[in-house]
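To start, the structure itself, in structure tokens.
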Amino acid sequence: MLIITLQRDKCIGCNYCQEVAPEQYRMSKKDGKAVLLDARNRKGFHTVKIHDNSLLEENLKAAEGCPSKIIKVKLQ
Ligand code: SF4
């Protein structure tokens, strides 16, 4: 299982995560920040659990390339 967390308020809207992991992220038309799909918001930290480990690579790529370093990926 993957656990992905996005600290959304610090997103600068660069679009990188959506480009490399389109199944996980969409850019919001409202505020221009990334939306982590199906995530729950707890005090600004948006978290989703994913049972498909084949999405690990693209999520790691998003986390590593995010200029704000606000995406965390954990494998459990
Ligand atoms: S890569 Fe990081 S800063 Fe860029 S849109 Fe995604 S979450 Fe925001």
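Values quoted throughout were computed directly from the atomic coordinates according to the rules given, and no laboratory measurement underlies them. A quick note: this is a predicted structure, and the numbers were derived from the prediction, not measured. Cβ sites come from the backbone with ideal geometry, for glycine too, and all protein chains shown count toward neighbours.
Ordering Leu75, Leu6, Leu55 by the number of other Cβ atoms within 10 Å of each residue's own Cβ, fewest first, gives Leu75, Leu55, Leu6. Taking the three principal axes of the alpha carbon atoms in region 2-75, the coordinate ranges are 30, 24, 19 Å, sorted in descending order. Net length available on complete extension from Lys33 to Glu57 is 6.4 nm, with 0.36 nm assigned per residue and the Cα-Cα distance removed.
Close amide H pairs (under 5 Å, H built 1.01 Å from N) link Met27 with Val35, residues at least 5 positions away or on another chain. Pairs Lys10/Lys30; Lys29/Lys49; Lys33/Lys69: which exceed 22 Å Cα-Cα? Listed pairs above 22 Å: Lys29/Lys49.
Rounded to the nearest 20 debye, the dipole magnitude of the chain is 480 debye, with +1 charges on Lys and Arg beta carbons, -1 on Asp and Glu beta carbons, and the Cα centre as origin.
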